[in-house]
Amino acid sequence: MKIMVAVKRVVDYAVKIRVKADKTGVETQNVKMSMNPFCEIALEEALRIKESGLASEVVAVSMGPAQCVDTLRTGLAMGADRGIHVEATGALYPLSVAKLLKALVEVEKPGLLILGKQAIDDDCNQTGQMVAGLLGWPQGTFASKVVLDKENQVATVDREVDGGLETLSLDLPAVITTDLRLNQPRYATLPNIMKAKSKVIKKFTPQELNVEIKSDLEVVQVTEPPKRKAGVIVSSVDELLDKLKNEAHVI
Amino acid sequence: MFRLLLISSKSTSLRKPNSTSSFTVSNSHTNLCDSTSSTLFRQSSSHISSNPSASPTNHFNFIYPTKTPNGYSFSCRLGRSFSSFSSQIGFGKVFSSGYRLNYENFRSCEENGCGFLRFQGFLGGLRSFASESDRESMEYDVVIVGAGPAGLSAAIRLKQLCREKGVDLSVCVVEKGAEVGAHILSGNVFEPRALDELLPQWKQEEAPISVPVSSDKFLFLTKNRAISLPCPFDNKGNYVISLSQLVRWMGMKAEELGVEIYPGFAASEILYDANDKVIGIATNDMGVAKDGSKKENYQRGVELKGRMMLLSEGCRGSLSEKIMKKYKLREKEHTQHQTYALGIKEVWEIEEGKHKPGAVLHTLGWPLDQKTYGGSFLYHLKDRQIAIGIVVTLNYRNPFLNPYEEFQKLKHHPAIIPLLEGGSVLEYGARTLNEGGYQSIPYPVFPGGAIIGCSAGFLNVPKIKGTHTAMKSGMLAAEATFGVLHEGSKMETYWDALQKSWIWEELYRARNYRPAFEYGLIPGLAMSALEHYILKGRLPFTLKHGKPDHEATKVAKLCSPIQYPKPDGVLSFDVPTSLHRSNTNHEHDQPAHLCLRDPKIPELVNFPDYAAPESRYCPARVYEYIPDEKNQLKLQINAQNCLHCKACDIKDPKQNIEWTVPEGGGGPGYSVM
């Protein structure tokens, strides 16, 4: 069984981001970029499934400008066997990514598609769900535990939901999106980084996959959140209620 | 016979010279494998899988069939359990090929002058040496520690020489920062002298050097006034740059030439062979929890072995200091101790009308007193960015001095306020600088390698420039290294080349500026003027440095505490806010990388005698004294704040704090510094 993992190149989580002066977005020039942490967890899970013998190959997929290849190389260094890069400049919103993933799934025919639950730059949490819808595959999102049963072609996924944990049984092929508590991703070791240089990364363009990248969304403005105001010490409960009612408008 | 091939599970037993079979012991420590052996072992590589969660004693070793361009294959290590292995391959074949392997390796070692194995006979008595046997090992011709200006210049120069002479050497650069340039901080008014020699086409190749110096001012500050002094610098032809950006560009150039750069890997250990020659470095184990236990994603460090090692770790490099101590490199040339300064810098984005690209300003005087050498700088970059910072010498006497707070005070000076008003801070950071100059350059060659850049200390103090000399030292070391590896000359030619180069001439001329300030600000300024206008370094004697920095601190009761104003949040900030802007990040669950040689000294000496200076000079608030349950103040080390500046390693009065390298990839994340 093949596993496909989608990884995204995002601003590194440790970087303090700034809004661009023209308010069209966040400053990404000269800023450290790395693999989305949830995508790392997804890749780690795929690698563990492969190491337990239930899968034969892990393919890492990334979409975006040429620098995405660096992210794919990190994925290959962690242990993925092959990489696929869909070259696309300009903004890629979740629906476009989902359509591209659907096209790639039809090419590669994996038994399992694992993604991170959301990307830390846009926090959309949409791609996994959309691609499952487009493919008509079952989905197990916010996975905190994944157990595969190869014989019955079933995946048992524990999901982290607001009420607690929900366990689903999914028929393969399926889409799984990973949450934080699923695993701790491995470090890419130096020797593996060296070996990754010789692993294959195949390039596609959206035209080759017959997907039209058009966006139904337009970013109008990006601004910083208002600065936190200093706290005020109130002298009595009545004053507190008054402020909550008349100033904060929460009651 | 079967017993011969089984290695016991304990790693220590492999080192015993009289273990069950000398043949097997030698095999597991063989580092150079020729192609025949690697093809033989290739068959079994598929079933030896990586096992990160396995316990350490059963850690499988990897087998790499690939080769570096120079023909050195990666180390072949036999796995621990041989039962399945020997059943796959004919038993007798393994024995005979391994035997041959040993002998041929010895011969190839001798030819290349590696001296990896001390050979005592084919069978019996073949002793292994000190390196850990359970780590993977990678071999290169040259291993460079630190991807800074010096390290990358050396790497680029090596590859250029390879191209000229039509040979190939494998060059590897390890860098502890998460990416190249992440730990690079400097003023920086760049003198392109060394870059012109290294990459003369830098302008066409779009190096991030685009702002020439347009004006050069020098002010003497008092609390409320700024007196213009004649400018002692000659910055014509120099550029105002962000060194972090330049180093990133150099990293790109190095990779284009075929240098392998590995950011995110911290060199923590030096590897020696049986003759006490340095043969390589080992990176940190990753995935170790705070208490020392192994986490889920534990990864053993990797050994990087090189025929030649170049240490370019920057000022007060942790491995360089160890090497200098071990081989007594300062005693060799009767050099003085190194003296240091702490530099703290911020990059601001200011209002459009106030920005003058290329404007250079240096100040002296306030807020520092007459006895403390130091000053500030303010450079205008491009895109409305300015670099502002303070440099405070670390041999200050008053333990109550807080360099960070002095910097915040500086920003409130009437000459500085108008520039910063309406602006915002982009980044913050700190580093230590070498101020020892000519008097403190250690003998930089050791068996197996050399020290380059700020780790040795080539900063020109009166010019306050060290980048060009660091780069030149890297280039000279590369040329010497190439001579050693290709022509069989000695590394001592590096030292000779240094002394004949413009680095030496420059540093010799600049040698008496800094020591003169030991006598006070006015004598120092007088000497500077004398040297600059008249003498130009021609004095027949060389002034000596005062006490080492850590000994210069007076006890607290002889000094008066300094009251610092509270930060206003607009021009001055508290440490946590500034630290946030340095993008500093360390994996939280790892052992603290700042080690106390004697854990009792902070409470017994630092706090009572010196009023805990580390809680003041550290620009990242790593050291704090917090009352515990018994209401006694105990030292708390917030290692994850560390900016890797090394001030604590330098300034601690009893030299009790040892800065070691944390897990690779941690530390500050400078991008425009």
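The table that follows gives values for the structure above.
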quantity	calculated
Some residue of region B:587-600 being part of a strand (DSSP E or B), surrounded by fewer than 19 Cβ atoms within 10 Å (Cβ to Cβ) and charged (D, E, K, R)	no
Condition check for A:Leu148: at pLDDT below 95, part of a loop (DSSP other than H, G, I, E, B) and surrounded by 19 or more Cβ atoms within 10 Å (Cβ to Cβ)	no
Answer from B:Leu558, B:Leu530, B:Leu579, B:Leu539 - the residue that is closer than 30 Å to B:Glu269 by Cα and of a type outside the set (Ser, Thr, Tyr)	B:Leu579
Residue, farthest from B:Asp273 (Cα to Cα), within region B:294-307, restricted to residues that are of a type outside the set (A, V, I, L, M, F, W, C) and within 11 Å of another protein chain (Cβ to nearest Cβ)	B:Glu296
Any hit, region B:383-395, residues being surrounded by fewer than 21 Cβ atoms within 10 Å (Cβ to Cβ) and within 21 Å of B:Ser578 (Cα to Cα)	yes
Within region B:445-498, considering residues that are part of a helix (DSSP H, G or I) and without any contact (Cβ under 8 Å) to a residue 24 or more places away in the chain, the one surrounded by the fewest Cβ atoms within 10 Å (Cβ to Cβ)	B:Glu487
Selected residue (only one of B:Gly317, B:Gly237, B:Gly251 is under 22 Å from A:Ala188 (Cα atoms) and modelled with pLDDT of 90 or more)	B:Gly251
Criterion (out of contact with any strand residue (DSSP E or B) (no Cβ under 7 Å at 6 or more places or on another chain), charged (D, E, K, R) and crowded, with 16+ Cβ neighbours inside 10 Å) met by exactly one of B:Glu531, B:Glu629	B:Glu531
Selection count, region A:103-129, where residues are surrounded by fewer than 21 Cβ atoms within 10 Å (Cβ to Cβ) and either of a type in the set (Lys, Arg) or more than 20 Å from A:Gln67 (Cα to Cα) (or both)	12
From B:Phe116, B:Phe122, B:Phe95, residue being modelled with pLDDT under 90 and either buried (at least 24 other Cβ atoms within 10 Å of the Cβ) or under 30 Å from B:Gln245 (Cα atoms) (or both)	B:Phe116
Those residues of region A:44-68 which are within 27 Å of A:Gln207 (Cα to Cα) and crowded, with 17+ Cβ neighbours inside 10 Å, in sequence order	A:Val58, A:Val59, A:Ala60, A:Val61, A:Ser62, A:Met63, A:Gly64, A:Cys68
Hits in region A:39-91 - residues which are over 15 Å from A:Val7 (Cα atoms), away from chain B (no Cβ under 13 Å) and not β-branched (Val, Ile, Thr)	A:Leu54, A:Ala55, A:Glu57, A:Gly90, A:Ala91
Any hit, region B:419-430, residues being part of a helix (DSSP H, G or I) and either modelled with pLDDT of 95 or more or of a type outside the set (A, V, I, L, M, F, W, C) (or both)	no
Strands (runs of 3 or more DSSP E) completely within region B:163-251 that count 2 or more residues being more than 14 Å from every other protein chain (Cβ to nearest Cβ)	B:215-221, B:226-228
Residues of region A:170-193 satisfying the condition of being more than 14 Å from every other protein chain (Cβ to nearest Cβ), surrounded by 14 or more Cβ atoms within 10 Å (Cβ to Cβ) and not aliphatic (A, V, I, L, M)	A:Pro173, A:Thr177, A:Thr178, A:Asp179
B:Ser210 vs. criteria within 29 Å of the chain's Cα centre (by Cα) and more than 30 Å from B:Glu139 (Cα to Cα)	yes
Pick from region A:13-35, criterion more than 8 Å from every other protein chain (Cβ to nearest Cβ) and aliphatic (A, V, I, L, M), ranking: nearest to the chain's Cα centre (by Cα)	A:Met35
Looking only at region B:569-579, and only at residues there that are in contact (Cβ under 8 Å) with a residue 12 or more places away in the chain, under 19 Å from B:Cys618 (Cβ atoms) and surrounded by fewer than 20 Cβ atoms within 10 Å (Cβ to Cβ), the one that is farthest from the other protein chains (Cβ to nearest Cβ)	B:Val575
Search result, residues across region B:409-433 that are of a type in the set (S, T, N, Q) and surrounded by fewer than 24 Cβ atoms within 10 Å (Cβ to Cβ)	B:Ser424
Qualifying residue in region B:633-645 (condition: of a type in the set (D, E, K, R) and at pLDDT 90 or above)	no
Single residue of A:Glu218, A:Glu160 found to be outside any strand (DSSP E or B), more than 14 Å from every other protein chain (Cβ to nearest Cβ), among the charged types (D, E, K, R) and out of contact with any Gly (no Cβ under 6 Å at 6 or more places or on another chain)	A:Glu218
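Per-residue answers, yes or no, for (1) hydroxyl-bearing (Ser, Thr, Tyr); (2) at positive phi; (3) at pLDDT 90 or above; (4) under 21 Å from the mean Cα position of the chain (by Cα):
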| residue | (1), (2), (3), (4) |
| --- | --- |
| B:Val575 | no, no, yes, no |
| B:His580 | no, no, yes, no |
| B:Gln590 | no, no, yes, yes |
| B:Leu594 | no, no, yes, yes |
| B:Asp598 | no, no, yes, no |
| B:Phe607 | no, no, no, no |
| B:Pro613 | no, no, yes, no |
| B:Arg616 | no, no, yes, no |
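Per-residue answers, yes or no, for (1) more than 14 Å from chain A (Cβ to nearest Cβ); (2) touching a strand residue (DSSP E or B) at 6+ places or on another chain (Cβ under 9 Å):
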{"residue": "B:Phe265", "(1), (2)": "no, yes"}
{"residue": "B:Leu271", "(1), (2)": "yes, yes"}
{"residue": "B:Ile279", "(1), (2)": "yes, yes"}
{"residue": "B:Val288", "(1), (2)": "no, yes"}
{"residue": "B:Gly292", "(1), (2)": "yes, no"}
{"residue": "B:Met309", "(1), (2)": "yes, yes"}
{"residue": "B:Ile323", "(1), (2)": "yes, yes"}
{"residue": "B:Lys326", "(1), (2)": "yes, yes"}
{"residue": "B:Leu329", "(1), (2)": "yes, yes"}
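The values are calculated or read from the model by the stated rules, or taken from the named source; none is laboratory data. The model shown is predicted, which means the values in this text are computed figures rather than measured ones. Cβ: placed from backbone, ideal geometry, glycine included. Neighbour counts: every protein chain shown.
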